[in-house]
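Every number here is computed from the coordinates shown, using simple stated rules; none is lab data. Please read all numbers here as calculations on a predicted model, not as lab measurements. Ideal geometry is used to build each Cβ from the backbone, glycine not excepted, and the neighbour counts take in all protein chains shown.
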Amino acid sequence: MASLNRIAMRKTSRRWIQELEPSRLQVAEISGKWGRQFDFASYERFLYPAHDICDGPVRDEAGQARQFDLVIADQVWEHLDRPYAATRHVLDMLRPGGWFYVATPFHVPFHGAPVDCSRWSARGLKNLLIEAGFPKATIRSRQWGNRAAARRNIEAHEAGAWPPVYDRASDDLTNDPDFPIIAWAMAQK
């Protein structure tokens, strides 16, 4: 069952990742599992609290930041106490030319798991990536949402069934740029 909130994002995101030729990439995913669907050369998950990206990059036995071609953070950055520090640590984990993919909600209910700290628009993600050191010219950011989807989020949350499951027959996927539900970005080191 697909979440209404992620239909448009997943379509674009899969295309972006496929453009990178997944079978050639060594990949790290921060506290998620969305990347498991791709046929990466290697794929490792680093889960909180065993690894807190806010405290530093993933390190090797010698204490050096481990290097990856792609780091994925899907639906994680809203839970971080220090997203700027975390983004700097991801930059340290990327090989030259490596990519960072980040996706996070904007207009969704509070969901502390374990905490809920921030919301991001496409512009906000782009600004975060620039401030953390990613070159502006390498950043792609998008957002999707509309009032009907926002209403479905609220109704699903009140009914204890959040996030709302996509209903092809009734859910409108038209994007209203002034009413984002979710944002995502990709940047190259």
From the backbone phi of the stretch 162-175, what are the Karplus-calculated ³J(HN,Hα) couplings (6.51 cos²θ - 1.76 cosθ + 1.60, θ = phi - 60°) in whole Hz, Gly and Pro given as x?
-> 8, x, x, 7, 5, 10, 4, 6, 10, 7, 8, 9, 4, 8
May I ask you to compute the full-extension gain from Glu158 to Arg82, defined as 0.36 nm times their residue separation minus their alpha-carbon distance, rounded to one decimal in nm?
-> 24.4 nm
Correct option for percent of Cα pairs over 26 Å apart [calculated from the coordinates] among (1) 34; (2) 52; (3) 30 = (3)
Charge context of Arg24, other residues only, Cβ under 15 angstrom, K/R +1, D/E -1 = -3
Compute the acute angle (0 to 90°) between the alpha-carbon long axis of helix 7-19 and the principal axis of greatest extent of the alpha-carbon atoms of the chain; round to the nearest 10°.
-> 30 degrees
Going by how many other beta carbons lie within 10 Å of each one, how would you line up Asp81, Asp116, fewest first?
-> Asp81, Asp116
Among Asp74, Asp171, which comes first, second and so on when ranked by fewest other beta-carbon atoms within 10 Å?
-> Asp171, Asp74
Under the definition of Cα pairs under 8 Å and six or more residues apart, what whole-number percent is the relative contact order of the chain?
-> 25 percent
Quick one: which residues, 5 or more positions from Arg45 or on another chain, have an amide H under 5 Å from its amide H? H modelled 1.01 Å from N in the peptide plane, none for Pro or chain starts.
-> Glu29
Neighbour net charge for Arg140 - beta-carbon separation under 12 angstrom, K R +1, D E -1 | +3
Considering the zone a paramagnetic label at Asp116 would reach in this model (a point 7 Å from Cα along the Cα-to-Cβ line), which residues of the stretch 77-103 have amide N under 11 Å from it?
-> 79
Assertion target for Cys54, Cys117, ordered by fewest C-beta neighbours within 10 angstrom first, is Cys117, Cys54
What angle, in degrees between 0 and 90 and rounded to the nearest 10, separates the Cα long axis of helix 83-93 from the longest principal axis of the Cα atoms of the chain?
-> 40 degrees
